[in-house]
Each structure stands twice: as structure tokens, then as C-alpha cells.
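Here's the structure, in C-alpha cells; my notes come after.
The values are calculated or read from the model by the stated rules, or taken from the named source; none is laboratory data. All values reported here derive from a predicted model rather than from experimental measurement. Ideal geometry is used to build each Cβ from the backbone, glycine not excepted, and the neighbour counts take in all protein chains shown. Surface accessibility is based on the protein's heavy atoms, side chains included, excluding ligands, DNA and RNA. Shrake-Rupley method; radii C 1.70, N 1.55, O 1.52, S 1.80 Å.
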Amino acid sequence: LVPASSAQTSSSSPFNLSAAPWSTGGGSPHLNDADAQTAHSDAQAAYTSLNGMSATPISATLDGQTLVPGVYSTGAASLAASGAAALTFNGAGVYVIQCSSSLTTGAGGVPTMTLSGGATAANIYWVVGSSATINSGFSGTFQGNVVASASVTDTIGGVVNGSLVALAG
């Protein structure tokens, strides 16, 4: 997918990926034209803004955690690295998870991301310092919007309830 026009920004949400218009077929892709350059610039601004927020540290092993709306920081994050595991988002509001290096889900089992108490995938933002690998061993549903510095890979083709944006790859 290639941005069909610039990404949306607002003061209440640093980067509204769920509202960004994406081309899903038909027509010509925007390759390095003004629209694509604006979308990339907006994604970079969102990455910088989200990554600069003050955060609460959490374990890089996301298995079994329940998060409430807020901003969180961790290292090389993983979910279901050695078996089926769940991560729960509980409550209406915005979630920002800053992964200083990588994010990997499903390398050793089925990852489950549960939304409860009004949580929505549109309000979950994953800010990844290098690369994100989604559903790397098993299929599953990924919840949220990834903005990764280097690259994003969806290896099994599981369901992504959100957006995958890579700044460099």
C-alpha cells in the first residue's frame, strides 16, 4: 500500500493513521511524488512526537500484561515468543508503546491482543526504534498502528487491525 494522499495530523492525536486515505488498488501508486513525500514527512513527525512523550517503563515481554491508556516505554518488545500469549488493552483512550529497538509478535506461539473497556485499535500506537516483525511464526490479529524507524514485516499474513508504516524500508 502506498499513501494516496497526505496522512492526517491533529493536536489531540499526533498522527491519525486510522483516518489516512490509503490506495488499496486501482489507479496509480504515488511513488516519490508530492503526496508520498508529504505522507512520509507526516509519518516522520508523528514518530518524533510519539517517541518524545514521557513514558512509564514496562517489561519488554508483553505476555500477560494489561495496559490502561497511557504512554509506555520498553526495549526489544515481544509477544508470544515461546508459546501462546495475550496482551490486554483495557479502557477507552490513547495507548502509545515506545519500543526502543524492535517489536516481534508470534515468534513462538499465537499472539492475542485483547481490547476491553472501550479500547480500540485506532487508538493504539506502536513506535518502534528499528524494525517490527508481526506474526513471525503464527497467525494472529495485531491491534494498533505501527510507525517503525527501519522496517515492518508481516510474515504470516495474519490480520492487522490498524496500520503498518516504515520510515526507511
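Quick look at the numbers
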item	result
Under Karplus coefficients 6.51, -1.76 and 1.60, residue-wise ³J(HN,Hα) of region 73-83 in Hz, glycine/proline x	10, 7, x, 6, 7, 9, 9, 6, 7, 9, x
Cα Rg, Dmax (largest Cα-Cα span) when computed across region 26-140, Å	15.5, 44
Val146 long-range amide H proximity, modeled H, under 5 Å	Trp126, Ser163, Leu164, Val165
HN-Hα J in Hz across region 123-130 - Karplus 6.51, -1.76, 1.60, θ = phi - 60°, x for Gly and Pro	9, 10, 10, 9, 10, 10, x, 9
Ser131, Ser100, Ser139, ranked by accessible area, largest first (probe 1.4 Å)	Ser100, Ser139, Ser131
Average accessible surface area per residue within region 29-129, 1.4 Å rolling probe, Å²	41 Å²
5 angstrom amide H check on Gly158, placed H, neighbours 5+ away	Gly140
Gained length - Thr114 relative to Ser130, 0.36 nm times residue gap less alpha-carbon distance	3.3 nm
16 Å tail of the calculated P(r), region 40-104, as % of Cα pairs	51 percent
Whole-Hz ³J(HN,Hα) from phi, Karplus 6.51 cos²θ - 1.76 cosθ + 1.60, for region 132-139, glycine and proline x	10, 10, 9, 6, 6, x, 9, 6
Per-pair calculated FRET efficiency, R0 = 45 Å: Ala34 and Asn90 via Cβ, rounded to 0.05	0.65
Estimated D of region 78-169 in µm² per second, where Rh is the Kirkwood radius over Cα pairs and Stokes-Einstein applies at 4 °C, 1.567 mPa s	101 µm²/s
Extension gain from Ala168 to Thr155, taking 0.36 nm per residue of separation minus the Cα-Cα distance	2.9 nm
